[in-house]
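Trainee: I'd like to ask some things about the structure below.
The values are calculated or read from the model by the stated rules, or taken from the named source; none is laboratory data. On a predicted model such as this, the values are computed, not experimentally measured, just so you know. Note that each Cβ is placed from the backbone with ideal geometry, even for glycine, and that neighbours are counted across all protein chains shown. Keep in mind that these areas ignore ligands, DNA and RNA; they rest on the heavy atoms of the full protein, side chains included. Shrake-Rupley method; radii C 1.70, N 1.55, O 1.52, S 1.80 Å.
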Amino acid sequence: MRVLVTGGAGFLGSHLCDRLLGDGHQVIVLDSLFTGSKDNIAHLLGRNDFEFVRHDVVQPILLEVDWIFNLACPASPIHYQYNPVKTVKTSVMGALNMLGLAKRVKARILQASTSEVYSDPQVHPQTETYWGHVNPIGVRSCYDEGKRVAATLLMDYHRQSGVDIRIARIFNTYGPRMAVGDGRVVSNFIEQALRGETITIYGDGEHTRCFCYVDDLIDGLVRLMNYEADNAHEPINIGNTREQSMNELVTALGEVMGKTLTTERRPLPKDDPTRRRPDTTRATERLGWKPKVTIEEGLEKTVEDFRRRGVGA
Ligand SMILES: NC(=O)c1ccc[n+]([C@@H]2O[C@H](COP(=O)([O-])OP(=O)(O)OC[C@H]3O[C@@H](n4cnc5c(N)ncnc54)[C@H](O)[C@@H]3O)[C@@H](O)[C@H]2O)c1
């Protein structure tokens, strides 16, 4: 297959490229390098089966491809709130452009959607049939609502024009190549721990998240892209179901690093959801998918990667 990965120079996108090339596909990456980096794909540049194109998905492009993984979009709050109007454009116009391409060349398209479409959920755990509880005018709305519109567009292209779509609702994912300084909780904690600093906890540390290791997530995306059935267009949650409080995460990190970490508390940011956990029954039943990597294994690999990149040196 010739596979297009938008956002392929980012954290998840670069791991997806590794996996697709390993599976024998040809890969084209489109990335504006807004939050991504050529470092993430440096080991792939120069291969015959890999191409990198610096391109903003807000602009249309014509390519001959069989599959499109649409991942282009800043994913951490400090990045997507930096230019919220651009974030909405990236999600909405990026999806429109990629859907137009998919329709024209009859490609299958997978959208990297997010657990943020559930926002601050009132149903727990979140099943795909839950519509979410989203503030449409808050500081996180550019991301949440942008992703919701993108999914709407996918469903409408599917219903109206028969475009072959896949929608992955990705929950918190961590691992090597997460951007340093992106403000996400796992990278924040690791950076502070490696620098010997006090760990910052927002709120009382009892709010929870589920953390999925990147290899597990990528395996879920590839399984979903390969999934063939009448219901293949329906959204599927992909994420780890083990719920952990921020305090527990600090303890696990301390154990992995072999040191006692001290913490300080700050107020919770606006609209930050207090709990989130995926119901992954669909992913298990339809895709045969289950995460395999434990938080301890995943943290170890991530800490190692941050060390290798010189954090705390
Ligand atoms: N990492 C997670 O936990 C998570 C959770 C839910 C959903 N997602 C989704 O997965 C995708 C990848 O996330 P990530 O964690 O790898 O983030 P990331 O910021 O590392 O990667 C996003 C990539 O998109 C590129 N990009 C941004 N705007 C662009 C534009 N206008 N045109 C072209 N390229 C552009 C960036 O340069 C970057 O390489 C995103 O769509 C994100 O919303 C991620």
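Trainee: Taking only region 23-37 into account, find how many residues are surrounded by fewer than 23 Cβ atoms within 10 Å (Cβ to Cβ) and under 29 Å from Ser115 (Cβ atoms).
Mentor: Filtering region 23-37 down to residues surrounded by fewer than 23 Cβ atoms within 10 Å (Cβ to Cβ) leaves 23-26, 28, 32-35, 37.
Retained after the next criterion (residues that are under 29 Å from Ser115 (Cβ atoms)): 23, 25, 28, 32-35, 37.
Adding up the residues that qualify gives 8.
Trainee: Considering Gln126, Gln160, which residue is modelled with pLDDT of 95 or more and in contact with a Phe, Trp or Tyr (Cβ under 7 Å, 6 or more places away or on another chain)?
Mentor: Only one candidate passes the filter, namely Gln126.
Trainee: Another question, if that's okay. Given the condition of a type in the set (Val, Ile, Thr) and either part of a loop (DSSP other than H, G, I, E, B) or under 30 Å from Asp305 (Cβ atoms) (or both), answer yes or no: does some residue in region 119-126 qualify? Let's see the steps before the verdict.
Mentor: Residues of region 119-126 that are of a type in the set (Val, Ile, Thr), as a first pass: 123.
Then keep just the ones that are either part of a loop (DSSP other than H, G, I, E, B) or under 30 Å from Asp305 (Cβ atoms) (or both); that gives 123.
Within region 119-126, one or more residues are of a type in the set (Val, Ile, Thr) and either part of a loop (DSSP other than H, G, I, E, B) or under 30 Å from Asp305 (Cβ atoms) (or both).
Trainee: For region 72-85, give me each residue that is open to solvent by less than 40 Å² (accessible area, probe 1.4 Å) and either more than 29 Å from Val180 (Cβ to Cβ) or in contact with a Gly (Cβ under 6 Å, 6 or more places away or on another chain) (or both).
Mentor: Ala72, Ser76
Trainee: Let me ask something else about it. For region 213-234, check the following and say yes or no: at least one residue is in contact with a Ser or Thr (Cβ under 7 Å, 6 or more places away or on another chain), surrounded by fewer than 16 Cβ atoms within 10 Å (Cβ to Cβ) and acidic (Asp, Glu).
Mentor: Kept after step one, since they are in contact with a Ser or Thr (Cβ under 7 Å, 6 or more places away or on another chain), are these residues of region 213-234: 214, 217.
Narrowing the set further to residues that are surrounded by fewer than 16 Cβ atoms within 10 Å (Cβ to Cβ) leaves none.
Within region 213-234, not a single residue is in contact with a Ser or Thr (Cβ under 7 Å, 6 or more places away or on another chain), surrounded by fewer than 16 Cβ atoms within 10 Å (Cβ to Cβ) and acidic (Asp, Glu).
Trainee: Does region 133-143 contain any residue that is surrounded by 20 or more Cβ atoms within 10 Å (Cβ to Cβ), closer than 30 Å to Arg308 by Cα and within 14 Å of the chain's Cα centre (by Cα)?
Mentor: No: zero hits.
Trainee: Please state which one of Ala193, Ala179, Ala252, Ala229 is closer than 26 Å to Asn40 by Cα and over 19 Å from the mean Cα position of the chain (by Cα). Write out each step before concluding.
Mentor: Working: Ala179 fails: over 19 Å from the mean Cα position of the chain (by Cα); Ala252 fails: closer than 26 Å to Asn40 by Cα; Ala229 fails: closer than 26 Å to Asn40 by Cα.
The conditions single out Ala193.
Trainee: Here's a check for you: in region 86-125, which residue that is closer than 17 Å to Asn237 by Cβ, surrounded by 20 or more Cβ atoms within 10 Å (Cβ to Cβ) and of a type in the set (Val, Ile, Thr) is nearest to the ligand (Cβ to nearest atom)?
Mentor: Selected residue: Thr114.
Trainee: From Glu243, Glu255, Glu197, Glu206, grab the single residue that is open to solvent by 30 Å² or more (accessible area, probe 1.4 Å), at pLDDT 95 or above and more than 19 Å from Asp182 (Cα to Cα).
Mentor: Values: Glu243 fails: at pLDDT 95 or above; Glu197 fails: more than 19 Å from Asp182 (Cα to Cα); Glu206 fails: at pLDDT 95 or above.
Of Glu243, Glu255, Glu197, Glu206, the one residue that is open to solvent by 30 Å² or more (accessible area, probe 1.4 Å), at pLDDT 95 or above and more than 19 Å from Asp182 (Cα to Cα) is Glu255.
Trainee: Just a yes or no: is a residue in region 160-169 open to solvent by less than 30 Å² (accessible area, probe 1.4 Å), under 15 Å from the mean Cα position of the chain (by Cα), over 30 Å from Val311 (Cβ atoms) and not charged (D, E, K, R)?
Mentor: There is at least one residue in region 160-169 that is open to solvent by less than 30 Å² (accessible area, probe 1.4 Å), under 15 Å from the mean Cα position of the chain (by Cα), over 30 Å from Val311 (Cβ atoms) and not charged (D, E, K, R).
Trainee: Do any residues in region 62-82 that are among the β-branched types (Val, Ile, Thr) and more than 7 Å from the ligand (Cβ to nearest atom) have Cβ atoms under 6 Å from those of residues that are assigned to a helix (DSSP H, G or I) and open to solvent by less than 40 Å² (accessible area, probe 1.4 Å), where the two are at least six apart or on different chains, and which pairs are they?
Mentor: Cβ pairs passing all conditions: Ile68/Met98; Ile68/Ala102.
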